[in-house]
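Okay, so here's the structure we're looking at.
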Amino acid sequence: MPNKRPIDLRSDTVTAPTPEMRRAMAEAEVGDDVFGDDPTVNRLQERAAELLGKEAAIFVPTGCMGNLISVMMQAPAGSEILVAENSHIHTAEAAAYARCAQVNKWPLKVDRFGRLDAAEIVRSIHKGHGLPGGNSHHATTSLLCLENTNNFCGGTVQTAAEMRAVADAARAKAPWIKVHLDGARLFNAAVALKVPARELAAVADSVSFCLSKGLCAPAGSVICGKKDAIVQAHALRKMLGGGMRQVGVLAACGLLSISEPMTARLAEDHANCRRLAEGLAELPGIAVDLETVQTNILFFEYRGPKGDAAWLAGALSAEGARCLALGTRVRMVTHRDVTRAQIDEVLRIVGRLLK
(Lines give C-alpha, C1' and ligand atoms only; values in the text may rest on other atoms or scores of the structure.)
Protein backbone atom coordinates (compact mmCIF):
# COMPACT_ATOMS: atom_id res chain seq x y z
CA MET A 1 0.00 0.00 0.00
CA PRO A 2 2.73 2.52 -0.98
CA ASN A 3 0.33 5.40 -1.71
CA LYS A 4 -1.78 5.02 1.39
CA ARG A 5 -1.10 6.56 4.78
CA PRO A 6 0.09 3.83 7.16
CA ILE A 7 -2.24 2.49 9.79
CA ASP A 8 -0.20 3.40 12.84
CA LEU A 9 -0.82 1.19 15.86
CA ARG A 10 2.58 1.70 17.50
CA SER A 11 1.19 3.97 20.20
CA ASP A 12 -1.54 6.50 20.96
CA THR A 13 1.27 9.08 21.12
CA VAL A 14 1.08 9.30 17.32
CA THR A 15 -2.30 11.04 17.41
CA ALA A 16 -2.52 14.32 15.53
CA PRO A 17 -4.15 17.39 17.08
CA THR A 18 -7.80 17.73 16.12
CA PRO A 19 -8.96 20.60 13.87
CA GLU A 20 -10.48 22.22 16.97
CA MET A 21 -7.10 22.03 18.69
CA ARG A 22 -5.34 23.65 15.76
CA ARG A 23 -7.81 26.55 15.85
CA ALA A 24 -7.42 26.83 19.62
CA MET A 25 -3.64 27.02 19.24
CA ALA A 26 -3.94 29.88 16.76
CA GLU A 27 -6.32 31.82 18.98
CA ALA A 28 -4.81 31.04 22.40
CA GLU A 29 -4.28 33.87 24.85
CA VAL A 30 -0.69 33.56 26.07
CA GLY A 31 1.76 34.95 28.60
CA ASP A 32 5.03 33.92 30.25
CA ASP A 33 4.26 30.70 32.11
CA VAL A 34 7.54 30.73 34.06
CA PHE A 35 6.24 33.92 35.68
CA GLY A 36 2.82 32.29 36.06
CA ASP A 37 1.36 34.79 33.58
CA ASP A 38 -0.03 32.51 30.88
CA PRO A 39 -3.83 32.62 31.33
CA THR A 40 -4.48 29.56 29.19
CA VAL A 41 -1.99 27.45 31.14
CA ASN A 42 -3.56 28.69 34.36
CA ARG A 43 -7.02 27.67 33.17
CA LEU A 44 -5.72 24.22 32.21
CA GLN A 45 -4.10 23.74 35.60
CA GLU A 46 -7.21 24.85 37.47
CA ARG A 47 -9.46 22.59 35.42
CA ALA A 48 -7.14 19.58 35.77
CA ALA A 49 -6.97 20.00 39.55
CA GLU A 50 -10.75 20.27 39.69
CA LEU A 51 -11.29 17.13 37.60
CA LEU A 52 -8.90 15.09 39.75
CA GLY A 53 -10.06 16.49 43.07
CA LYS A 54 -6.71 18.02 44.00
CA GLU A 55 -5.73 21.44 45.32
CA ALA A 56 -3.44 22.50 42.49
CA ALA A 57 -1.77 21.38 39.26
CA ILE A 58 1.21 22.17 37.04
CA PHE A 59 1.62 21.76 33.28
CA VAL A 60 4.86 20.01 32.26
CA PRO A 61 6.34 19.09 28.87
CA THR A 62 6.22 15.28 29.16
CA GLY A 63 4.89 12.36 31.16
CA CYS A 64 8.43 11.28 32.08
CA MET A 65 9.11 14.70 33.56
CA GLY A 66 5.77 14.59 35.36
CA ASN A 67 6.69 11.33 37.05
CA LEU A 68 10.23 12.45 37.83
CA ILE A 69 9.09 15.71 39.42
CA SER A 70 6.46 13.85 41.43
CA VAL A 71 9.12 11.51 42.79
CA MET A 72 11.63 14.27 43.51
CA MET A 73 9.11 16.39 45.43
CA GLN A 74 8.10 13.47 47.68
CA ALA A 75 11.08 11.10 47.93
CA PRO A 76 14.25 12.62 49.46
CA ALA A 77 17.57 11.81 47.82
CA GLY A 78 18.94 8.61 49.28
CA SER A 79 15.50 7.17 50.04
CA GLU A 80 13.71 4.33 48.28
CA ILE A 81 10.58 4.09 46.16
CA LEU A 82 8.40 1.04 45.60
CA VAL A 83 7.48 0.40 41.96
CA ALA A 84 5.84 -2.36 39.96
CA GLU A 85 8.47 -4.47 38.20
CA ASN A 86 6.94 -3.69 34.80
CA SER A 87 5.98 -0.07 35.52
CA HIS A 88 6.88 2.68 33.10
CA ILE A 89 8.81 4.44 35.87
CA HIS A 90 10.97 1.34 36.37
CA THR A 91 11.45 0.14 32.79
CA ALA A 92 11.10 3.04 30.39
CA GLU A 93 12.29 6.35 31.86
CA ALA A 94 16.03 6.19 31.20
CA ALA A 95 17.16 5.64 34.82
CA ALA A 96 16.25 9.23 35.67
CA TYR A 97 15.48 8.19 39.23
CA ALA A 98 19.04 7.08 39.85
CA ARG A 99 20.72 10.01 38.14
CA CYS A 100 18.37 12.93 38.83
CA ALA A 101 16.24 11.98 41.83
CA GLN A 102 19.02 9.94 43.50
CA VAL A 103 16.58 7.39 44.88
CA ASN A 104 16.73 3.62 44.97
CA LYS A 105 13.91 1.69 43.31
CA TRP A 106 12.53 -1.50 44.85
CA PRO A 107 10.61 -3.42 42.14
CA LEU A 108 7.57 -5.48 43.15
CA LYS A 109 5.89 -8.32 41.30
CA VAL A 110 2.48 -7.81 39.76
CA ASP A 111 -0.17 -10.21 38.53
CA ARG A 112 -1.17 -10.31 34.88
CA PHE A 113 -3.53 -7.38 35.45
CA GLY A 114 -0.76 -5.20 36.89
CA ARG A 115 -2.02 -5.43 40.45
CA LEU A 116 0.39 -5.25 43.38
CA ASP A 117 0.11 -7.50 46.42
CA ALA A 118 -0.46 -5.64 49.68
CA ALA A 119 1.44 -8.21 51.75
CA GLU A 120 4.50 -7.92 49.51
CA ILE A 121 4.38 -4.14 49.78
CA VAL A 122 4.38 -4.37 53.56
CA ARG A 123 7.31 -6.82 53.50
CA SER A 124 9.27 -4.51 51.18
CA ILE A 125 9.00 -1.34 53.25
CA HIS A 126 12.28 -0.40 54.89
CA LYS A 127 12.92 1.85 57.87
CA GLY A 128 16.40 3.19 57.44
CA HIS A 129 18.94 5.15 59.45
CA GLY A 130 17.55 8.24 61.18
CA LEU A 131 14.17 6.79 62.09
CA PRO A 132 13.45 5.22 65.49
CA GLY A 133 14.35 1.57 65.24
CA GLY A 134 15.78 2.12 61.78
CA ASN A 135 18.35 -0.13 60.16
CA SER A 136 21.42 1.64 58.78
CA HIS A 137 21.79 -1.01 56.08
CA HIS A 138 18.63 0.16 54.32
CA ALA A 139 17.34 3.23 52.59
CA THR A 140 14.04 4.42 54.03
CA THR A 141 11.02 3.68 51.85
CA SER A 142 9.45 7.06 51.13
CA LEU A 143 7.07 6.59 48.20
CA LEU A 144 4.77 3.98 46.67
CA CYS A 145 4.25 4.38 42.92
CA LEU A 146 1.11 3.03 41.26
CA GLU A 147 0.24 2.94 37.55
CA ASN A 148 -3.26 3.03 36.06
CA THR A 149 -3.66 1.93 33.32
CA ASN A 150 -0.75 -0.52 33.37
CA ASN A 151 0.97 -0.11 30.01
CA PHE A 152 2.96 -3.33 29.83
CA CYS A 153 0.16 -5.54 31.11
CA GLY A 154 -1.85 -4.33 28.12
CA GLY A 155 -3.67 -1.25 29.38
CA THR A 156 -5.25 -3.04 32.31
CA VAL A 157 -7.17 -1.04 34.89
CA GLN A 158 -7.30 -1.05 38.67
CA THR A 159 -10.35 0.05 40.62
CA ALA A 160 -10.21 2.72 43.28
CA ALA A 161 -10.77 0.04 45.90
CA GLU A 162 -7.85 -2.06 44.63
CA MET A 163 -5.50 0.91 44.72
CA ARG A 164 -6.81 1.99 48.10
CA ALA A 165 -6.15 -1.45 49.58
CA VAL A 166 -2.44 -1.42 48.72
CA ALA A 167 -1.99 2.24 49.65
CA ASP A 168 -3.67 1.72 53.02
CA ALA A 169 -1.46 -1.30 53.71
CA ALA A 170 1.66 0.76 52.98
CA ARG A 171 0.53 3.71 55.10
CA ALA A 172 -0.42 1.42 57.99
CA LYS A 173 3.12 0.02 58.04
CA ALA A 174 4.83 3.37 57.40
CA PRO A 175 2.63 6.43 58.04
CA TRP A 176 5.21 8.72 56.41
CA ILE A 177 4.86 7.07 52.99
CA LYS A 178 3.45 9.10 50.12
CA VAL A 179 1.65 7.65 47.09
CA HIS A 180 2.19 8.73 43.49
CA LEU A 181 -0.12 7.61 40.71
CA ASP A 182 1.34 7.44 37.21
CA GLY A 183 -1.95 8.03 35.43
CA ALA A 184 -0.53 8.53 31.94
CA ARG A 185 -3.78 7.02 30.65
CA LEU A 186 -5.90 7.72 33.72
CA PHE A 187 -8.88 8.83 31.66
CA ASN A 188 -8.81 5.52 29.78
CA ALA A 189 -9.12 3.78 33.14
CA ALA A 190 -11.94 6.09 34.24
CA VAL A 191 -13.89 5.50 31.03
CA ALA A 192 -13.37 1.73 31.19
CA LEU A 193 -14.53 1.62 34.82
CA LYS A 194 -17.31 4.18 34.25
CA VAL A 195 -16.19 6.33 37.17
CA PRO A 196 -14.96 9.94 37.44
CA ALA A 197 -11.20 10.33 37.17
CA ARG A 198 -11.16 11.97 40.61
CA GLU A 199 -12.36 8.69 42.15
CA LEU A 200 -9.24 6.94 40.89
CA ALA A 201 -6.99 9.85 41.83
CA ALA A 202 -8.27 10.09 45.41
CA VAL A 203 -5.83 7.49 46.76
CA ALA A 204 -2.74 9.42 45.68
CA ASP A 205 -0.82 12.37 47.07
CA SER A 206 0.26 13.20 43.53
CA VAL A 207 -1.10 12.20 40.13
CA SER A 208 0.37 12.74 36.69
CA PHE A 209 -1.50 12.24 33.43
CA CYS A 210 -0.67 12.71 29.75
CA LEU A 211 -2.50 14.96 27.33
CA SER A 212 -0.55 13.70 24.31
CA LYS A 213 -1.71 10.09 24.12
CA GLY A 214 -5.33 9.14 23.47
CA LEU A 215 -6.41 12.67 24.39
CA CYS A 216 -4.72 13.90 21.19
CA ALA A 217 -2.88 17.03 22.35
CA PRO A 218 0.48 17.53 20.58
CA ALA A 219 2.45 17.62 23.85
CA GLY A 220 2.21 17.97 27.58
CA SER A 221 1.30 16.35 30.86
CA VAL A 222 -0.15 17.60 34.13
CA ILE A 223 0.79 16.89 37.76
CA CYS A 224 -1.93 17.35 40.37
CA GLY A 225 -1.52 17.41 44.15
CA LYS A 226 -1.49 19.61 47.24
CA LYS A 227 -0.66 23.30 46.85
CA ASP A 228 2.62 23.13 48.76
CA ALA A 229 3.80 20.17 46.67
CA ILE A 230 2.94 21.94 43.42
CA VAL A 231 4.89 25.01 44.58
CA GLN A 232 7.89 22.71 44.94
CA ALA A 233 7.09 21.17 41.55
CA HIS A 234 7.48 24.59 39.91
CA ALA A 235 11.05 24.84 41.18
CA LEU A 236 11.83 21.28 40.10
CA ARG A 237 10.36 21.86 36.65
CA LYS A 238 12.62 24.88 36.21
CA MET A 239 15.66 22.92 37.43
CA LEU A 240 14.98 20.11 34.94
CA GLY A 241 14.65 22.51 32.02
CA GLY A 242 10.88 22.28 31.76
CA GLY A 243 10.07 25.96 32.23
CA MET A 244 8.30 27.01 29.03
CA ARG A 245 7.26 30.53 28.10
CA GLN A 246 4.22 31.29 25.89
CA VAL A 247 3.03 27.71 26.18
CA GLY A 248 -0.66 28.59 26.18
CA VAL A 249 -0.64 27.45 22.56
CA LEU A 250 -0.22 23.91 23.89
CA ALA A 251 -2.36 24.35 26.98
CA ALA A 252 -5.26 25.35 24.73
CA CYS A 253 -5.11 21.87 23.24
CA GLY A 254 -4.92 20.41 26.73
CA LEU A 255 -8.15 22.12 27.74
CA LEU A 256 -9.89 20.43 24.83
CA SER A 257 -8.21 17.11 25.70
CA ILE A 258 -9.78 16.99 29.15
CA SER A 259 -13.20 18.14 27.99
CA GLU A 260 -15.99 15.58 28.22
CA PRO A 261 -16.33 14.95 24.46
CA MET A 262 -12.66 13.98 24.13
CA THR A 263 -12.47 11.83 27.25
CA ALA A 264 -15.79 10.10 26.49
CA ARG A 265 -14.68 9.14 22.98
CA LEU A 266 -11.92 6.97 24.46
CA ALA A 267 -14.61 4.29 24.66
CA GLU A 268 -14.39 4.04 20.84
CA ASP A 269 -10.69 3.18 21.11
CA HIS A 270 -11.49 0.53 23.69
CA ALA A 271 -14.14 -1.01 21.45
CA ASN A 272 -11.74 -1.03 18.49
CA CYS A 273 -9.05 -2.68 20.60
CA ARG A 274 -11.48 -5.39 21.68
CA ARG A 275 -12.49 -6.03 18.07
CA LEU A 276 -8.83 -6.25 17.06
CA ALA A 277 -7.99 -8.60 19.92
CA GLU A 278 -10.89 -10.96 19.26
CA GLY A 279 -10.08 -11.07 15.56
CA LEU A 280 -6.41 -11.79 16.12
CA ALA A 281 -7.21 -14.48 18.68
CA GLU A 282 -8.81 -16.53 15.92
CA LEU A 283 -5.66 -16.58 13.77
CA PRO A 284 -3.01 -19.34 13.84
CA GLY A 285 0.09 -18.80 15.97
CA ILE A 286 -1.38 -15.86 17.89
CA ALA A 287 -2.08 -16.04 21.62
CA VAL A 288 -4.13 -13.25 23.21
CA ASP A 289 -5.18 -13.01 26.85
CA LEU A 290 -8.58 -11.45 26.20
CA GLU A 291 -9.22 -10.81 29.89
CA THR A 292 -6.43 -8.25 29.91
CA VAL A 293 -7.83 -6.34 26.91
CA GLN A 294 -9.60 -3.65 28.91
CA THR A 295 -8.73 -0.34 27.27
CA ASN A 296 -6.79 0.61 24.13
CA ILE A 297 -3.54 -1.41 24.44
CA LEU A 298 -3.16 -4.92 23.09
CA PHE A 299 -0.22 -7.25 23.63
CA PHE A 300 -0.13 -10.69 22.03
CA GLU A 301 2.35 -13.48 21.52
CA TYR A 302 3.16 -14.71 18.04
CA ARG A 303 5.08 -17.86 17.18
CA GLY A 304 4.55 -19.48 13.82
CA PRO A 305 6.29 -21.30 11.00
CA LYS A 306 7.11 -18.04 9.22
CA GLY A 307 8.83 -16.30 12.14
CA ASP A 308 8.40 -14.54 15.46
CA ALA A 309 7.02 -11.25 16.77
CA ALA A 310 9.73 -9.21 15.03
CA TRP A 311 8.97 -10.94 11.72
CA LEU A 312 5.27 -10.22 12.03
CA ALA A 313 5.83 -6.55 12.90
CA GLY A 314 8.17 -6.18 9.93
CA ALA A 315 5.77 -7.92 7.57
CA LEU A 316 2.92 -5.71 8.73
CA SER A 317 5.01 -2.58 8.25
CA ALA A 318 5.72 -3.60 4.66
CA GLU A 319 1.95 -3.85 4.18
CA GLY A 320 1.31 -0.39 5.63
CA ALA A 321 0.35 -1.30 9.20
CA ARG A 322 2.75 -0.26 11.96
CA CYS A 323 3.08 -1.92 15.36
CA LEU A 324 5.85 -2.73 17.84
CA ALA A 325 7.64 -6.00 18.54
CA LEU A 326 8.73 -6.05 22.17
CA GLY A 327 10.60 -9.25 22.87
CA THR A 328 8.29 -12.16 22.13
CA ARG A 329 5.23 -9.92 22.11
CA VAL A 330 3.60 -7.59 19.61
CA ARG A 331 2.00 -4.36 20.86
CA MET A 332 -0.83 -2.58 19.10
CA VAL A 333 -2.53 0.55 20.46
CA THR A 334 -5.79 1.99 19.18
CA HIS A 335 -6.53 5.72 19.13
CA ARG A 336 -8.60 8.45 17.49
CA ASP A 337 -6.69 8.28 14.20
CA VAL A 338 -7.42 4.58 13.66
CA THR A 339 -10.92 3.81 12.39
CA ARG A 340 -13.02 0.68 12.71
CA ALA A 341 -12.52 0.09 8.97
CA GLN A 342 -8.75 0.23 9.47
CA ILE A 343 -8.98 -2.28 12.31
CA ASP A 344 -10.74 -4.64 9.94
CA GLU A 345 -8.08 -3.98 7.30
CA VAL A 346 -5.32 -4.90 9.78
CA LEU A 347 -7.12 -8.14 10.55
CA ARG A 348 -7.33 -8.94 6.84
CA ILE A 349 -3.61 -8.20 6.38
CA VAL A 350 -2.57 -10.36 9.35
CA GLY A 351 -4.83 -13.17 8.18
CA ARG A 352 -3.27 -13.06 4.74
CA LEU A 353 0.28 -13.00 6.13
CA LEU A 354 -0.34 -16.04 8.33
CA LYS A 355 -1.85 -18.24 5.62
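The values are calculated or read from the model by the stated rules, or taken from the named source; none is laboratory data. It should be emphasised that the depicted structure is a prediction, and the values quoted were computed from it without experimental measurement. Glycine gets a Cβ as well: all are built from the backbone with ideal geometry, and neighbour counts include every protein chain shown.
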Subset of region 18-64, residues of a type in the set (D, E, K, R) and under 21 Å from G241 (Cα atoms), comes to D32, D33, D37, D38
Check K194 against each of (1) surrounded by fewer than 24 Cβ atoms within 10 Å (Cβ to Cβ); (2) basic (K, R); (3) in contact with a Gly (Cβ under 7 Å, 6 or more places away or on another chain) and name the one condition it does not meet.
-> (3)
Filter region 322-337 for residues that are aliphatic (A, V, I, L, M) and crowded, with 24+ Cβ neighbours inside 10 Å; which is farthest from the chain's Cα centre (by Cα)?
-> V330
Please verify whether region 163-181 includes one or more residues that are crowded, with 19+ Cβ neighbours inside 10 Å and under 11 Å from the mean Cα position of the chain (by Cα).
-> yes
Helices (runs of 4 or more DSSP H) enclosed by region 1-78 - at least 1 residues per element that are more than 30 Å from G320 (Cβ to Cβ) and more than 19 Å from the chain's Cα centre (by Cα) = 19-27, 39-52
So which of E80, E120 ends up being crowded, with 16+ Cβ neighbours inside 10 Å, more than 30 Å from D33 (Cα to Cα) and either outside the structural domain of V231 (by TED's automatic domain parsing) or acidic (D, E) (or both)?
-> E80
Search result, residues across region 338-355 that are surrounded by 16 or more Cβ atoms within 10 Å (Cβ to Cβ) and not aliphatic (A, V, I, L, M) | Q342, E345
Is it fair to say A235 is under 23 Å from T295 (Cβ atoms) and surrounded by fewer than 21 Cβ atoms within 10 Å (Cβ to Cβ)?
-> no
Within region 157-175, the residues that are over 25 Å from F187 (Cβ atoms) and either in a loop (DSSP other than H, G, I, E, B) or among the aromatic types (F, W, Y) (or both) are A174, P175
So which strands (runs of 3 or more DSSP E) are wholly in region 196-302 and hold at least 1 residues that are at positive phi and hydrophobic (A, V, I, L, M, F, W, C)?
-> none
If you go through region 7-66 one residue at a time, how many are farther than 30 Å from F152 by Cβ, surrounded by fewer than 24 Cβ atoms within 10 Å (Cβ to Cβ) and β-branched (V, I, T)?
-> 2
What are the residue pairs meeting all of these: first residue in region 132-146, first residue farther than 19 Å from A84 by Cα, second residue at pLDDT 90 or above and aromatic (F, W, Y), Cβ atoms under 9 Å, and 6 or more apart or on different chains?
-> none
Are any of the residues in region 278-293 within 23 Å of L312 (Cβ to Cβ) and hydroxyl-bearing (S, T, Y)?
-> yes
Among the residues of region 83-117, how many are in contact (Cβ under 8 Å) with a residue 24 or more places away in the chain, assigned to a helix (DSSP H, G or I) and crowded, with 16+ Cβ neighbours inside 10 Å?
-> 4
